[in-house]
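This report concerns only the one structure given below.
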Amino acid sequence: MSGQLHGGDSFRRFGRRLQGLTGREFWRSLDELAGSPEFLEALHREFPTHSGYWDAAFSRRDFLRLMGASLALGGLAACGKPAGRILPYAEDPEGMTQGAPLYFSTTLPRAGFARGAVVKSAMGRPVKVEGNPRHPASLGGTDVFMQADILGLYDPDRSQTVLEQGRISTWGAYRAALSRALEAEAAARGAGLRLLTGSVTSPFLGQAIAEVLRRYPQARWHRFEPVSRETVYAGHALAFGRRLDRRFDLSQADVVVGLDCDLFFEEPGSLVYARQFAGRRKPQERMLRAYAAEPSPTLFGSRADHRLPAAASLLPALAYSLARRCGLPVPAVDTPQSCEPWLSSAAADLRRCRGRGLLVAGSLQPPQVHALAAWLNEALGNAERAVIYLEPPEASDSAAPLSELVEEASQGRVQTLLVLDANPVYGLPAADAAAALGKIPFAAHLGLYQDETARLCRWHVPRAHALESWGDALAFDGTASLLQPLIAPLYNGRTDFEFLGPAIGRLDASHDELRRFWSGRGLSAQDAWDDALRRGVVAATAFPAQAPSARRERLEKLPPPEAAAAELEAVLRPDLRLWDGRYANSGWLQEFPDPVTRLTWDNAAWLAPSTARRLGVENEDVLEISAGGRAVQAPVWIVPGQAPGVVGLTMGGGRSAGGRVAHGSGYWGESLRPASEARLLGPVQARKTEASLRLAGVQGHQLMEGRPLVRFATLSHYRKDPLFAKGERPGPTETLYGPLPQGGYAWGMSIDLNACVACGACVVACFAENNSPVVGKEEVLREREMHWIRIDRYYAGSPDAPAILSQPVPCMHCEDAPCELVCPVGATVHSDEGLNEMVYNRCVGTRYCSNNCPYKVRRFNFFDFADRQEEAYKLMRNPDVSVRSRGVMEKCTYCVQRIQEARLAADKQNRLIGDGDIQTACQQACPAQAIVFGDKADPRSRVAKLKASPLDYGLLDDLGTRPRTTYLARVDDPNPSLPEGA
Amino acid sequence: MAQLFPPSSNSIVKAAFAAGALVLCLAVWVAYRVERTTYFTKAGVACEQPVPFSHKHHVSGLGIDCRYCHVSAEDSSFAGLPPTRTCMTCHSQVWTQAQMLAAVRRSAETGQAIAWTRVDRLPDYVYFDHSIHVRKGVACQTCHGRVQRMPLTWRGYPFPFHMKDCLACHRHPERFPREDAELARLSRGFPPGERGHAAALAEHVRLLTDCYTCHR
């Protein structure tokens, strides 16, 4: 990225542009950059896509008929209220106050790895997930998946009954059938018995599986995890001779070089890395400098000071080149000239920061790159500081790959197969698990959904959700934590342990077995067990750091990487919204805009602008991509910053049996994945088809006309001009309002753009907290998405390698709010404490407020978007927030229900609300602590101190709205020695 | 041709319009009054309950505190209904065979809840919190009527739970009976009569009449 072009003087230039001069700095989409007529037209339409919606022939007759029907139905609805009932307990549970929520610690694993959570239970119904500050993999933060687990729990599409060959059966019948199958296996010492799981870190389940393998010595355990860490382990086996895992401590690093490694998303410690990174990006202190070379933009790459779009197949060469420049005796490799500035700068910084640097490689890279990274980190003295090695927390580390299972099954050597929450039929069609499953007489599947694999197994058993189960899991650093159920299984689900029970002759409930298991591991005393449950971690169980030494002689003999020859290659990465597809039936996540593409509901094939030009395709054209005899048709999305010659594919789309929400969204990227489970797909062919697919991108929605919204400078510029973020034009001081009331609290928010990694946890947390409805793809296309907080994404610089900036935008709670002036019915009013309030019962839906809002943060219920029919969703909703109905405007309330809760608690104790008593949902979810909320009138509060920072600025503050939500401008730290354009 | 309408037609039409408007206003007024009658509000009408529980007997007769059964009134938004176990603390000893307590005994045996009929109900867009009202010295009777005199339970006349009734107190908390000390706390510690009390109370009232205090 170019330091000069969008250095701190960008604002001056912006100001000039506003005065009629040209010079575009920040842009949100390629259309905007090009200033295309469609874009300008869309920008200036008053009702972007709403007009014309009713143009469809709608006769007077239809109108009268509908009105008649509504009147008749309206009359029915008015026929008396049913008498309400109150059902108190017969025997009240211990420790519960009726009407008051309780909070329980538990664990929500992703791909096996634990992340600690504290779940709010409203009268027995889990309604909100927060991070557990005591858990080492959460530190209080969450990600989108943890937030969406609440919706996943209540999902009415979840499998609800035991099935045998698609017909309803019973748990008893399954157990009897399994016992019969196992009797036959016992005679053969389990020669035909196989287990298939995803990544398993659970010591409890690991021991149960070990017990199965002990009883049936010939049985085997296979693992299929779509986003596995196998390359990391294998790489360390190359480097150290031991399969080891690694974790990072970014607080110890001054420079981080990432080779296609999304530290903030893919890594099991992603939440912690985001926190550590944010802690090291304070321009007042010594900053961490980040380099990234990657084929597709990632969350980490978007925050890197120097981001190099590079084909995945080129990265091994870059790793070799870096290693050589840092003095390792590796063969010289050719790298393109365009990579030279990035390479020399990264290598110089790594050499300069000996012992305080870090080279990380992503799991998509081959083991060789991981080995080299380990060696380099050791040579530079970074090991045991910024990178820590540990035994893999996965119990499934010893399991055999899926391919062996398929091979044996197709030879008829597998009689009994137990599948625990794995979906190879969808996740790896190239392995042809579908055909193999047909040859297994007794295949039983345990899963949350009756998914693609379940449909081909003889038996299917519904799985208990993590929030319904007893269990345990290990975090990325090996710390153990327990899962405790927040609710009895809603849909008769069974835990993994119960599913395996008959195979090890133990039919006790999971709780008793888990208790017994941990009794032998330091939790024998009731107090210790209770404490582990309450805290959400088992104390002092983190794995000790290993101190392996690199085997130089072997590493020196590693063959150098072959030159990247493919004209077009593809990479397959977990979707930022759906992971590997296991979250595909979550409406919250489907509608959560991808942080990079800002697309909802569909995944797309990401192409660099130059590649798209070469292939002759534009956005939404459908491209047929084929590799190794397999093909997939995917809509194109042109992504600035994507490496040329690389098609970025994501997982999780095109589910054929994923549920009603997942159905029909996206393409099946996994269908191109080779049976070797590689996610770098190598050379592919792409052909433009005649078809096109409308994609529901929200990037162009809620535009604010190219004003200086996101403010940004380099560190050197910031040091010269610390006040660069302050606007040139002060806002007008005269106001139409009376004086603001003095005294009392003044709520305000500060959002630190230096901390934000754009993961989107705030967006989904807001959805969960505020009962926001999902509207569906059609309505998103009409710009009717209902997010109260959105993450705007801006680019600066050339479309091939732009700087990528993100900005969360909730309601600004302007002190002089334009929306309030225009409401004819007083439905939006100002409180004494500075909240811009929305009174739903007064709102008649004129939408004037939304039109007059310069920030475009108001959302209108064009239809009755909230699903009031589905019983399961009634349980899910936050009882402290109204469910809005049709015709009502809504927007961010600063989580007023949390303010009120804190106010009542303080009032009852006759004290003032303390700083930090109130956390908004977005603030609490943020892993990087980018959002701070509090009383801005109290000079000792955190938010007041942040607002006093020189970096503080208000969005569009020249309009005189005096927003209560302000931002801390972003300061990046590019290498000053790097020439412009690198 | 003669005029179709005599000059008086103007007056008649005007009078008709005025009468129409008057009738409309009257209709609205009647509807408003009727809606507030006990016929609609059900105030003063005893609900049928599975057990004919008498607050009069338990409160006035036996002197049991409200909070003995409604335990969470001081701590939670919901005042709470007693679990069957609370009834059985006494009724496992007294009136053990009474026919009218059959439902209570059945509940204690089976663990099934007693299905009480709701007496007072607020719309779900009102976020009422019992605890703060009780802690601020608002007596139960202020809203629920003289429950201690109710042999069967009904909505405390004359309180139909209209927003107006909530606002009466939220606008003028000082007019409603409560302990002086509580009133002092309400106005940030200024005892009534002192300088600053009125201002502090006014500030508090501004907060109390904020929309988000009850709706969100």
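The values are calculated or read from the model by the stated rules, or taken from the named source; none is laboratory data. Since this is a predicted model, take the numbers as computed values, not measurements. Virtual Cβ from ideal backbone geometry, glycine too; neighbours counted across all protein chains shown. Just the protein is used for accessible areas: all its heavy atoms, side chains included, with ligands, DNA and RNA removed. Shrake-Rupley method; radii C 1.70, N 1.55, O 1.52, S 1.80 Å.
Tabulated values for the structure
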{"quantity": "Among (1) touching a strand residue (DSSP E or B) at 6+ places or on another chain (Cβ under 7 Å); (2) open to solvent by less than 10 Å² (accessible area, probe 1.4 Å), the one test that A:Asp249 misses", "calculated": "(2)"}
{"quantity": "Subset of the stretch A:473-528 [outside any loop (DSSP other than H, G, I, E, B), among the hydroxyl-bearing types (Ser, Thr, Tyr) and crowded, with 19+ Cβ neighbours inside 10 Å]", "calculated": "A:Ser481, A:Ser510"}
{"quantity": "Hits in the stretch B:140-161 - residues which are away from every other protein chain (no Cβ under 14 Å), under 12 Å from the mean Cα position of the chain (by Cα) and either of a type in the set (A, V, I, L, M) or outside any loop (DSSP other than H, G, I, E, B) (or both)", "calculated": "B:Cys140, B:Gln141, B:Thr142, B:Cys143, B:His144, B:Val147"}
{"quantity": "Positions within the stretch B:162-216 being more than 13 Å from chain A (Cβ to nearest Cβ), modelled with pLDDT under 70 and part of a helix (DSSP H, G or I), in sequence order", "calculated": "B:Asp180, B:Leu183, B:His197, B:Ala198"}
{"quantity": "Selection status of A:Gly258, at negative phi and open to solvent by less than 10 Å² (accessible area, probe 1.4 Å)", "calculated": "yes"}
{"quantity": "Helices (runs of 4 or more DSSP H) contained entirely in the stretch B:1-98, each with at least 3 residues that are surrounded by 17 or more Cβ atoms within 10 Å (Cβ to Cβ), touching a residue at least 12 places away in the same chain (Cβ under 8 Å) and out of contact with any strand residue (DSSP E or B) (no Cβ under 7 Å at 6 or more places or on another chain)", "calculated": "B:84-91"}
{"quantity": "Residue within the stretch B:122-138 that is assigned to a loop (DSSP other than H, G, I, E, B), free of Cβ contacts under 8 Å to residues at least 12 places away in the same chain, within 13 Å of chain A (Cβ to nearest Cβ) and not aliphatic (A, V, I, L, M) present", "calculated": "yes"}
{"quantity": "Subset of the stretch A:432-467 (residues that are within 28 Å of the chain's Cα centre (by Cα) and open to solvent by 10 Å² or more (accessible area, probe 1.4 Å))", "calculated": "A:Leu448, A:Tyr449, A:Gln450, A:Asp451, A:Glu452, A:Arg463, A:Ala466"}
{"quantity": "From A:Pro336, A:Pro341, A:Pro329, residue being surrounded by fewer than 24 Cβ atoms within 10 Å (Cβ to Cβ), farther than 29 Å from A:Ser228 by Cα and free of Cβ contacts under 8 Å to residues at least 24 places away in the same chain", "calculated": "A:Pro336"}
{"quantity": "Criterion violated by A:Glu783 - all others in (1) open to solvent by 30 Å² or more (accessible area, probe 1.4 Å); (2) touching a helix residue (DSSP H, G or I) at 6+ places or on another chain (Cβ under 8 Å); (3) in contact (Cβ under 8 Å) with a residue 12 or more places away in the chain satisfied", "calculated": "(2)"}
{"quantity": "Filter result (of a type in the set (Val, Ile, Thr), within 29 Å of B:Gln112 (Cα to Cα) and more than 13 Å from every other protein chain (Cβ to nearest Cβ)) within the stretch B:29-60", "calculated": "B:Val59"}
{"quantity": "Filter result for A:Asp832 (open to solvent by 10 Å² or more (accessible area, probe 1.4 Å) and free of Cβ contacts under 8 Å to residues at least 24 places away in the same chain)", "calculated": "no"}
{"quantity": "Odd one out for A:Glu452 among (1) over 30 Å from A:Gly653 (Cβ atoms); (2) of a type outside the set (A, V, I, L, M); (3) touching a helix residue (DSSP H, G or I) at 6+ places or on another chain (Cβ under 7 Å); (4) part of a loop (DSSP other than H, G, I, E, B)", "calculated": "(1)"}
{"quantity": "Residue among A:Arg868, A:Arg886, A:Arg903, A:Arg911 that is open to solvent by 50 Å² or more (accessible area, probe 1.4 Å) and over 23 Å from A:Leu151 (Cβ atoms)", "calculated": "A:Arg911"}
{"quantity": "Failed item, numbered, when A:Val932 is tested on (1) in contact with a Lys or Arg (Cβ under 6 Å, 6 or more places away or on another chain); (2) at the interface with another protein chain (Cβ under 10 Å from one of its Cβ atoms)", "calculated": "(2)"}
{"quantity": "Count of the stretch B:78-121 residues which are more than 7 Å from chain A (Cβ to nearest Cβ) and not β-branched (Val, Ile, Thr)", "calculated": "19"}
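The rows are residues; the columns are (1) closer than 14 Å to A:Val256 by Cα; (2) over 29 Å from the mean Cα position of the chain (by Cα); (3) not basic (Lys, Arg).
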residue	(1), (2), (3)
A:Arg325	no, yes, no
A:Ala332	no, yes, yes
A:Thr335	no, yes, yes
A:Ser345	yes, yes, yes
A:Leu350	yes, yes, yes
A:Cys353	yes, yes, yes
A:Ala361	yes, no, yes
A:Ala373	yes, no, yes
